[in-house]
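Just below is one structure, and these are the notes that go with it.
The values are calculated or read from the model by the stated rules, or taken from the named source; none is laboratory data. All figures in this text were calculated on a predicted structure; none of them were measured in a lab. Methodologically, a virtual Cβ is constructed for each residue, glycine included, from the backbone with ideal geometry; neighbour enumeration extends over all protein chains shown. Heavy atoms of the whole protein, side chains included, go into the accessibility calculation; ligands, DNA and RNA do not. Shrake-Rupley method; radii C 1.70, N 1.55, O 1.52, S 1.80 Å.
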Amino acid sequence: DALANRPLPPAAPKTSALGDLLEHIGSAVIVLWRHALGLLGFIGLTLESGFRILLRPRRWRVTSLAANLEQTGLNAVPIVALLTFLVGAVVAFLGATVLVDFGAGIFTVNLVGYSYLGEFGVLLTAILVAGRTASAFAAQIGSMKANEEIDAIRVLGLSPIELLVLPRVMALLISLPLLTFIAMLSGILGGMLVCMLSLNISTTMFLSILNDIPLRHFFVGMAKAPIFAFLIAVIGCLEGFRVSGSAQSVGEHTTSAVVQSIFVVILVDAIAAMFCMEMGW
């Protein structure tokens, strides 16, 4: 009788596909908003710590800065130079293939110059560095977080931002503009090689045409490099601090650092391109 008179379990609420979709969209927007707020807060914390020790040379971590410079800058030169050289050759080859049909093959030089000085040089370098360096920063700091080394640093009365973040940010701020300059030279060299082989454009003619490109395109491309460097370094370090303690969490946040860095770099580059177009630069 007791089993017969027991109340029936409540019926599951009816759901619809549209409702589930809107719920997932709302959850994604909330997560994105929290990530943006966390990134802005971490940027402010990094800038505050940087300005605080700027006038105190005794607190500069020169050894850590030099080690990170070697890792982020010197070791990245071969892959950056090779990739940009090949992409420059591909851009010149495509331009020559299309423009020759219109009798404008000589403008391939302008295509290579404008694309690499203003966009491709800094963008390709930033994407390579985002995949190579942001992941390294996240994995290094994440492993320290998993091994409770960051807690030990705080117990000793030291600042993890000053000890771990600032040397990495400064190293990338120095190395990325230099890598961008190398990428511009390598890309233009690749384009010049294709123009010599496919269009019979001599080196002297190539350089004379390239000399007519306004210098502002070079300055615009170089001005983006420190912005990209700061964002990549900050995102990589922040994802390292977000590691919860397991090896799976280290992998997830390392992947997240790469994805976020590349997304932010392309987003900022698109905004900068629209700004320069409106300003007539």
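Please give the number of the condition residue 120 fails out of (1) of a type outside the set (D, E, K, R); (2) under 16 Å from the mean Cα position of the chain (by Cα); (3) on the phi > 0 side of the Ramachandran plot.
(3)
Would you point out the residue of the stretch 153-195, among those that are open to solvent by 30 Å² or more (accessible area, probe 1.4 Å) and small (Gly, Ala, Ser), that is nearest to residue 225 (Cα to Cα)?
159
Among the residues of the stretch 132-151, is there at least one that is without any contact (Cβ under 8 Å) to a residue 12 or more places away in the chain and part of a helix (DSSP H, G or I)?
yes
Where in the stretch 178-281 are there helices (runs of 4 or more DSSP H), lying wholly inside it, with at least 1 residues that are closer than 15 Å to residue 39 by Cβ, at pLDDT 90 or above and in contact with a Phe, Trp or Tyr (Cβ under 8 Å, 6 or more places away or on another chain)?
Counting at least 1 such residues, we get 216-241, 247-279.
Give me a count of the residues in the stretch 82-128 that are surrounded by 20 or more Cβ atoms within 10 Å (Cβ to Cβ), farther than 27 Å from residue 226 by Cβ and of a type outside the set (S, T, N, Q).
Counting residues in the stretch 82-128 that are surrounded by 20 or more Cβ atoms within 10 Å (Cβ to Cβ), farther than 27 Å from residue 226 by Cβ and of a type outside the set (S, T, N, Q) gives 5.
Looking at 219, 206, 230 in this structure, which one is in contact (Cβ under 8 Å) with a residue 24 or more places away in the chain, open to solvent by 30 Å² or more (accessible area, probe 1.4 Å) and not polar (S, T, N, Q)?
One residue alone meets the criteria, 230.
Does residue 50 qualify as being assigned to a helix (DSSP H, G or I), of a type in the set (Gly, Ala, Ser) and closer than 30 Å to residue 260 by Cα?
yes
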